[in-house]
Amino acid sequence: LILVNPATSYLRSELYRLGPPIANARWLRPIEIIPYMFGLTTKLVPLFLDEGLAIQQLFTILSSKGLPAVVNTPQREAYMGRVAVTLASRLNFMPKDTLKWRLTEWLEWGNAVFEDRLEVLQSGITEGEDDLGMLRLSREVKTLIVVGEFDKTLPSLDEANRLAAEVFRNNVVHVVTGAGHASTCGGTLNLMQLLRQVYPEVNGYRRTNYDVGTTEWKPRADLRGLVPRYDYAKIGLSPLLYWSSDYYKEWKDDEKQRDRFKSRGYLEGKNGVFGWIAEFALALRKWITP
């Protein structure tokens, strides 16, 4: 089990204090978007940022001094570049109804359910009963809890210590130095390497060519938590190559083939692909067996 900045602390967070008033504020419909966007950008967005680490890492990447550990091939660097170039066109602000639903139906209700289950677990520990199997899971499931050092959205570090003490007895808590909520799994964290350290059983799987080299390196303080470039080049990959045939292949959905399968019922119900194969195998077996 892997938890990153566990939201089970939502009811004790700054997001719980600031979020609902913004989501539930009532204004005249024509101008409602203005105060909502103002509250969203001035109060909620800053909660997800770090202490300037992401900006420092951006300059380190642009100056070709370092890269995130997982960006260890030209293909991955090209992908990172394509995402960065098209990021502005992909970003959309969260509608007010969506924010309200996530805060209430998702986070608030989910936290209430978790606390109820926690009471059941603590009762099982005290009385020695384990009707739901929670006591066994809390003892046996190896849990990795990753938190950002400067998470202002949630009290993640305090919550990690609570979960480690009261819920998951077989645990590892990893604090990402200098990271805020949104950058916890950013360039500073080599998640692939951390998983191999915490769960040594995954080391038995064959590694791909992408899992060698810089994935074994430790982040360097002088590179703001990044690692040296995989090719030691003084100039990064040219943006002109981001969409070149060597590093990019466009995926084309075959709508005609999909519609033809759908019209024959191969993609749904009893006649779905696997259902159809099963029916064919059954008929073939009846024909062969005397």
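The values are calculated or read from the model by the stated rules, or taken from the named source; none is laboratory data. Just so it is clear, the model here is predicted, and its values are computed rather than measured. Ideal geometry is used to build each Cβ from the backbone, glycine not excepted, and the neighbour counts take in all protein chains shown. For accessibility, only protein heavy atoms count, side chains too; no ligands or nucleic acids. Shrake-Rupley method; radii C 1.70, N 1.55, O 1.52, S 1.80 Å.
Okay, residues lined up against (1) under 28 Å from G66 (Cβ atoms); (2) open to solvent by less than 20 Å² (accessible area, probe 1.4 Å); (3) in contact (Cβ under 8 Å) with a residue 60 or more places away in the chain:
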residue: E149; (1), (2), (3): yes, no, no
residue: V167; (1), (2), (3): no, yes, no
residue: V175; (1), (2), (3): yes, no, no
residue: G180; (1), (2), (3): yes, yes, yes
Looking only at residues that are farther than 24 Å from R196 by Cβ and not in a helix (DSSP H, G or I) in segment 131-144, which one is least open to solvent (accessible area, probe 1.4 Å)? G133
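Counting just the residues of segment 165-207 that are among the hydrophobic types (A, V, I, L, M, F, W, C) and more than 21 Å from the chain's Cα centre (by Cα), which one comes out farthest from Y10 (Cα to Cα)?
Keep residues of segment 165-207 that are among the hydrophobic types (A, V, I, L, M, F, W, C), which gives 165, 167-168, 172-173, 175-176, 179, 182, 185, 189, 191-192, 194-195, 198, 202.
Subset that is more than 21 Å from the chain's Cα centre (by Cα): 165, 167.
Values: A165: 18, V167: 17 Å.
If we take residues in segment 165-207 being among the hydrophobic types (A, V, I, L, M, F, W, C) and more than 21 Å from the chain's Cα centre (by Cα), then A165 is farthest from Y10 (Cα to Cα).
Residues are listed down the side, and each one gets a yes or a no for (1) closer than 25 Å to K152 by Cα; (2) open to solvent by less than 80 Å² (accessible area, probe 1.4 Å); (3) modelled with pLDDT under 90:
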| site | (1), (2), (3) |
| --- | --- |
| W27 | no, no, yes |
| P30 | no, no, yes |
| M37 | yes, yes, yes |
| T42 | yes, yes, no |
| E51 | yes, no, yes |
| Q57 | yes, yes, yes |
| V70 | no, yes, yes |
| P74 | no, yes, no |
| L107 | yes, yes, no |
Only one of these conditions is not met by G187: (1) buried (at least 22 other Cβ atoms within 10 Å of the Cβ); (2) at pLDDT 90 or above; (3) assigned to a loop (DSSP other than H, G, I, E, B). Which number is it? (2)
Is there any pair linking a residue in segment 61-80 that is farther than 15 Å from G186 by Cα to one that is charged (D, E, K, R) and crowded, with 19+ Cβ neighbours inside 10 Å, with Cβ under 6 Å and at least six apart or on different chains, and which? none
Test result for D130, modelled with pLDDT under 85 and either of a type in the set (D, E) or out of contact with any Leu (no Cβ under 9 Å at 6 or more places or on another chain) (or both): yes
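Can you name the residue in segment 193-218 that is modelled with pLDDT under 80 and within 18 Å of Q57 (Cβ to Cβ) and, of all such residues, is most open to solvent (accessible area, probe 1.4 Å)? Spell out the reasoning first.
Applying the first criterion (modelled with pLDDT under 80) to segment 193-218 yields 202-218.
Applying the additional criterion that residues be within 18 Å of Q57 (Cβ to Cβ) yields 214-215, 217-218.
Values: T214: 6, T215: 3, W217: 80, K218: 158 Å².
Top of the filtered list is K218.
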Near pairs, Cβ below 6 angstrom, 6+ apart or cross-chain, from segment 30-59 (touching a residue at least 40 places away in the same chain (Cβ under 8 Å) and within 20 Å of Y10 (Cα to Cα)) to any residue that is outside any loop (DSSP other than H, G, I, E, B) and open to solvent by 30 Å² or more (accessible area, probe 1.4 Å): L47/E14
Complete set of residues in segment 145-162 that are assigned to a loop (DSSP other than H, G, I, E, B) and touching a Ser or Thr at 6+ places or on another chain (Cβ under 8 Å): E149, D151, T153, L154, P155
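So how many residues does segment 219-233 have that are over 14 Å from L53 (Cβ atoms), touching a strand residue (DSSP E or B) at 6+ places or on another chain (Cβ under 9 Å) and in a loop (DSSP other than H, G, I, E, B)?
Step one: list which residues in segment 219-233 are over 14 Å from L53 (Cβ atoms), which gives 227-233.
Checking the rest, the ones that are also touching a strand residue (DSSP E or B) at 6+ places or on another chain (Cβ under 9 Å) come to 227-230.
Narrowing further to those that are in a loop (DSSP other than H, G, I, E, B): 228-230.
Number of matching residues: 3.
Just to be sure before I move on: is V85 β-branched (V, I, T), in contact with a Phe, Trp or Tyr (Cβ under 8 Å, 6 or more places away or on another chain) and not in a helix (DSSP H, G or I) in the structure I sent?
Numbers: β-branched (V, I, T): yes; in contact with a Phe, Trp or Tyr (Cβ under 8 Å, 6 or more places away or on another chain): yes; not in a helix (DSSP H, G or I): no.
It is false that V85 is β-branched (V, I, T), in contact with a Phe, Trp or Tyr (Cβ under 8 Å, 6 or more places away or on another chain) and not in a helix (DSSP H, G or I).
Among the residues of segment 1-19, how many are under 16 Å from M94 (Cα atoms) and open to solvent by less than 30 Å² (accessible area, probe 1.4 Å)? Give the derivation first.
So the first thing to find is which residues in segment 1-19 are under 16 Å from M94 (Cα atoms), and the list is 15, 18-19.
When the remaining residues are screened for being open to solvent by less than 30 Å² (accessible area, probe 1.4 Å), the result is 15, 19.
Counting residues in segment 1-19 that are under 16 Å from M94 (Cα atoms) and open to solvent by less than 30 Å² (accessible area, probe 1.4 Å) gives 2.
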